[in-house]
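Readers should treat all values here as calculations from the given coordinates under stated rules, not as data from a laboratory. Everything numeric here is computed off the predicted structure, so don't read it as measured data. Methodologically, a virtual Cβ is constructed for each residue, glycine included, from the backbone with ideal geometry; neighbour enumeration extends over all protein chains shown.
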Amino acid sequence: MTDWRALNRANWDERVPVHLGPRGYDMAGLEAGTARLNAIEEAELGSVAGLRLLHLQCHFGRDTLILAQRGASVVGLDFSAPAIEAACALAERLRLGDAARFVQADLYDAPAAIGEAAGFDLVYVTWGTLCWLPDIQGWARVVSHFLKPGGYLYLAEGHPAAQVLDDATPLPDGRPRFFAPYFHEAALVLNESRDYVDSEARLENATTHQWIHPLGHVVTALIDAGMRLDWLHEHPAVTWRMFACLEADAAGLFRWPDKPWLPLAYSLRASKAG
Ligand SMILES: C[S@@+](CC[C@H](N)C(=O)[O-])C[C@H]1O[C@@H](n2cnc3c(N)ncnc32)[C@H](O)[C@@H]1O
């Protein structure tokens, strides 16, 4: 295991019990069968009923199981063993064992770990995924590998233009300041002991390696892997408080307080050529 993978895995393994704990993800809706995805996906995704769906980097399977409750037959993949153990237990408890399968593997090993080449109608990838991957072309090849002809990728992510900013030394009005160049190619080695869900948690495995993937690189990687871009949306809002100055809106998204300075998120749909 290379260093970046070991560090990142230790970080994510430690977050699983935090996210399942009392200040973690809201699980009541999932338990009741009424859970909603974020407002961006709800507006864009459409019905998944009857679809064979692959959720890459599924964490402990909350969104995967919401999609199963909506009638998709799902496979979730994540490299974190505690995340996949929790996802399997959750699927059993919710009696979704027949509709949901979970696989522990690195993203780049997914074709060998899952099988089912060209077996999926929809590959689903959302929020906080691509920044953990060094090779965006390799990622796009994995996505394309799994799609049936005419199947499609739904991707929703934090915008790389916002990834260049952070709150370490904010501007006098509280806005974040530049910390990394948009075209920085090497890993960003970050040290962040705080968690994005539980503000009281402090992570011991705080060092991670992350990457900025410019929007053009992501789209071109998908095209090079045999996909066609159906649409691409940039959003002035994102699903988590990416910067301290962002304000929550009525839909549960976070926005700039005054003007929409930069996109905070993007989403796209790309189809596999028939
Ligand atoms: C922010 S979470 C994604 C959350 C997801 N949107 C969900 O459904 O809750 C990022 C996930 O990527 C996983 N991950 C990071 N690097 C990975 C890799 N190389 N291979 C597979 N999974 C990875 C982590 O374990 C973590 O569960």
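Quick notes
- Each Cα pair under 8 Å and six or more residues apart adds its separation to the average, and for the chain the resulting relative contact order is 19 percent.
- Translational diffusion coefficient of the stretch 108-182 (Stokes-Einstein, Kirkwood radius from Cα pairs, 4 °C, 1.567 mPa s): 89 µm²/s.
- Against the rule of thumb 2.2 N^0.38 Å, how large the Cα Rg of the stretch 37-80 comes out: 1.11
- Under 5 Å from the amide H of V103 lie the amide H atoms of G76, L77, D78, each residue being 5 or more positions distant or on a separate chain, with H modelled from the backbone and absent for Pro and chain starts.
- With the charge dipole of the chain set up from +1 on Lys and Arg Cβ and -1 on Asp and Glu Cβ about the Cα centre, the Cα lying farthest toward the positive end among the listed residues F60, G76, L171 is that of G76.
- In this simple spin-label model, placing a label point 7 Å from the Cα along the Cα-to-Cβ direction at both N191 and M27 gives a separation of 3.3 nm.
- Under a model in which nothing but the beta-carbon of Lys, Arg (+1) and Asp, Glu (-1) is charged, the chain shows a dipole of about 480 debye around its Cα centre.
- If you take the Cα centroid of the stretch 160-209 and the Cα centroid of the stretch 81-129, the two points sit 28 Å apart.
- Of all DSSP beta bridges confined to the stretch 93-237, the antiparallel ones make up roughly 55%.
- Ellipticity at 222 nm from helices only: DSSP H runs of n ≥ 4 in the chain, each -39500 (n - 2.57), divided by the residue count, give -8000 deg cm²/dmol.
- Per residue convex hull volume, Cα atoms of the stretch 133-274, in Å³: 134
- Bridge type composition, the chain - antiparallel percent by DSSP, nearest 5: 60
- DSSP-defined beta bridges in the stretch 44-163 - what % are antiparallel, rounded to 5: 0
- Each principal axis of the Cα cloud of the stretch 215-256 was taken in turn, and the coordinate range along them, longest first, works out to 38, 18, 12 Å.
- Each listed q (0.14, 0.23, 0.24 Å⁻¹) maps to a log10 I(q)/I(0) for the stretch 34-136, found by the Debye formula over equal Cα scatterers with no solvent: -0.50, -1.37, -1.47.
- From phi via Karplus (6.51, -1.76, 1.60), per-residue ³J(HN,Hα) for the stretch 180-186 in Hz, x at Gly/Pro: 9, x, 3, 9, 5, 9, 6
- Per the Cα gyration tensor, the chain maps to an equivalent ellipsoid with semi-axes of 27, 22, 20 Å, ordered largest to smallest.
- Bins of 5 Å, starting at 0 and running to the largest distance - Cα pair percent for the stretch 1-66: 3, 12, 18, 24, 17, 12, 9, 4, 0
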